[in-house]
Amino acid sequence: MKRAQDNRPTRIVIAGGGFAGVTTAHALRKAARAGDIEVAVISRENAFVFYPLMPEVISGALRVETILTSIRHVVPHARLYAGELTGIDLERRTVTIQHGLYQHQQHPLELPYDHLVLALGGVPATFGIPGLDDYTFDVQRLSNAFALRNHLIDLLEQADIESDPDEQRRLLTVVVIGGGPTGVEVAAEIRSLFTHALPFYRNIRPGTERIVLVEALPRLLTGFPEEAAERAARELRQRGIEVSLERKVVRVDPAAVMFDDGTSIESRTVVSAIGVEPNPIVRSFGLPLDSRGRLLVDEFLRVAGFPDVWAIGDNAAVTDPATGRPYAPTAQHAVRQAKLLARNLVASLSGRPLEPMRYRTRGMMVTLGDHAAIAWLGRVTVTGFPAWWLWRTYALLQIPRWDRRIRLAMEWTLDLLFPPELVQLKVGQPAPATRRLVEAALRRLREAPGPVESPASPVVSSGARRQ
């Protein structure tokens, strides 16, 4: 294998500790153990998060630690730098990171590289909707999902001692924006949390709670076949979730969500699940980007014009040759890209031909809460308990390390046998809007023209645009 000019091992720096980055580092383990390469991983956290299971943290079906695995355990052959990438010098072939957990202790650190892999993932999208970034819980970060669970339990506690039925309904009205897989799963898990928790809150009458799933397009789950998406919508409605389609959010206040038809829903809890956009830091690197801010790569996953810089995952525009469009930003695609990148990187060091990215999506699955799911497997669509069992089996095999798999199986078993955990941990979480802000927003809402949708009277409106 080709080594660096000074006969040292080739330095490979991987920026990103998600599915794309960690899978790339893991796939390079053989070459690293042989001493041909040195692998460094830059990650904001020292743990790999298995994000497909994060909605189950919200409902309490899983503990937070269950979906976390130390990156050092997954890729012991790599050097981990717990910090944030802040810059790249393409001429000197170095990267700069801020290394350290706390603001006053952060120090810049410069790392040289021979090959650089950019797998920085994405950040929660806002699409320019006023208030979305300020007053919603996004579920693209584990800390926010944990905070949302604590917030929901806090609302149950408040509602249980609230004597005003109208205020109870306002407290227990939850709006989830975005009808993709994440939005569907989050709405379903919130419904599951309320269903299993409410028997322990004797002063809350059944039916007081309300969960609304809002989507701007005419249907949910646009990546699924239409029949599967319609089944999912029917299943959610049967479980008591209001599915509101063709409804565009134009503003979010501390106490309400505003729509393009002039209506609104009063709610103390708004969850944003409208997807991700590329990490904005890639715009500062001086590398070629597409119109959405994604790094342009060739079919071998190299950044266009830079043979020593590679990019995959949410921050890269990897074109699907079958459709001519970039692959969807899913874990499934990130993992396939990472494995191919590792093979191509090693091949480039050995002078062997590179493989182009050719991958056909094998299917998609989404959970609907309470032991139900929908699995689209190409020509076959499976629903209900069999789909739920299939999804959990797949997740069990995909999560890193057998110790985590055993813990996961045990937690799922305990979840079937015992009541939900209702402990609220107020530790380092984003605080919900204060009562003062909520009351001020309610006053503005009641003074504004246009109908206000009370928690007890849903209104379905039209106007199809993507969230």
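A compact table of results
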| read-out | value |
| --- | --- |
| Elements of type helices (runs of 4 or more DSSP H) in the range 1-87, at least 2 residues being touching a strand residue (DSSP E or B) at 6+ places or on another chain (Cβ under 7 Å) and of a type in the set (Gly, Ala, Ser) | 19-27, 29-33 |
| Answer from ALA25, ALA34, ALA40 - the residue that is over 16 Å from the mean Cα position of the chain (by Cα) and open to solvent by 20 Å² or more (accessible area, probe 1.4 Å) | ALA34 |
| Some residue of the range 219-226 being of a type outside the set (D, E, K, R), crowded, with 18+ Cβ neighbours inside 10 Å, under 30 Å from THR173 (Cα atoms) and without any contact (Cβ under 8 Å) to a residue 60 or more places away in the chain | yes |
| Complete set of residues in the range 399-452 that are part of a loop (DSSP other than H, G, I, E, B) and modelled with pLDDT of 85 or more | ILE399, PRO400, ARG401 |
| Flag if VAL186 is open to solvent by less than 60 Å² (accessible area, probe 1.4 Å), within 24 Å of VAL366 (Cβ to Cβ) and assigned to a strand (DSSP E or B) | no |
| Given (1) surrounded by fewer than 23 Cβ atoms within 10 Å (Cβ to Cβ); (2) in a strand (DSSP E or B), index of the condition VAL175 fails | (1) |
| Criterion (assigned to a loop (DSSP other than H, G, I, E, B) and at pLDDT 90 or above) met by exactly one of ARG237, ARG247 | ARG247 |
| Matching residues, the range 331-360, being over 18 Å from ARG29 (Cβ atoms) and free of Cβ contacts under 8 Å to residues at least 12 places away in the same chain | ARG352, PRO353 |
| Residue count, the range 301-315 (criterion: open to solvent by 10 Å² or more (accessible area, probe 1.4 Å) and touching a strand residue (DSSP E or B) at 6+ places or on another chain (Cβ under 7 Å)) | 4 |
| Residue satisfying all of: in the range 270-292; touching a strand residue (DSSP E or B) at 6+ places or on another chain (Cβ under 8 Å) and hydroxyl-bearing (Ser, Thr, Tyr); least open to solvent (accessible area, probe 1.4 Å) among these | SER272 |
| Verdict on LEU171 being modelled with pLDDT under 95, closer than 19 Å to ALA256 by Cα and either in contact with a helix residue (DSSP H, G or I) (Cβ under 9 Å, 6 or more places away or on another chain) or of a type outside the set (A, V, I, L, M, F, W, C) (or both) | yes |
| Of all residues in the range 250-269 being assigned to a strand (DSSP E or B) and out of contact with any helix residue (DSSP H, G or I) (no Cβ under 6 Å at 6 or more places or on another chain), the one that is most open to solvent (accessible area, probe 1.4 Å) | ARG251 |
| Subset of the range 131-169 (residues that are more than 21 Å from GLY180 (Cβ to Cβ), among the acidic types (Asp, Glu) and part of a helix (DSSP H, G or I)) | ASP134, ASP154, GLU157, ASP160, ASP166, GLU167 |
| Hits in the range 219-234 - residues which are part of a loop (DSSP other than H, G, I, E, B) and farther than 19 Å from ASP370 by Cβ | ARG219, THR222, GLY223, PHE224, PRO225 |
| Flag if GLY363 is within 30 Å of GLY240 (Cα to Cα) and without any contact (Cβ under 8 Å) to a residue 24 or more places away in the chain | yes |
| Number of the condition not met by GLY324 [criteria: (1) free of Cβ contacts under 8 Å to residues at least 60 places away in the same chain; (2) under 30 Å from ALA119 (Cα atoms); (3) in a helix (DSSP H, G or I)] | (3) |
| Condition check for ILE42: in contact (Cβ under 8 Å) with a residue 12 or more places away in the chain, hydrophobic (A, V, I, L, M, F, W, C) and closer than 29 Å to TRP412 by Cβ | no |
| Inter-residue pairs, beta-carbon under 7 Å, first more than 14 Å from VAL318 (Cβ to Cβ) and in the range 278-298, second open to solvent by 30 Å² or more (accessible area, probe 1.4 Å) and aromatic (Phe, Trp, Tyr), 6+ apart | LEU287/PHE306 |
| Cβ pairs under 9 Å, 6+ apart, first in the range 156-170 and open to solvent by less than 30 Å² (accessible area, probe 1.4 Å), second β-branched (Val, Ile, Thr) and not in a helix (DSSP H, G or I) | LEU156/ILE204; ALA159/ILE204; ALA159/THR208; GLN168/ILE204; GLN168/THR208 |
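The values are calculated or read from the model by the stated rules, or taken from the named source; none is laboratory data. Just so it is clear, the structure is predicted and the values come from calculations on it, not from any experiment. Cβ coordinates were reconstructed from backbone atoms using ideal geometry, including for glycine residues, and neighbour counts include every protein chain displayed. Each accessible area value is taken on the protein alone, full model and side chains, heavy atoms only, with ligands, DNA and RNA left out. Shrake-Rupley method; radii C 1.70, N 1.55, O 1.52, S 1.80 Å.
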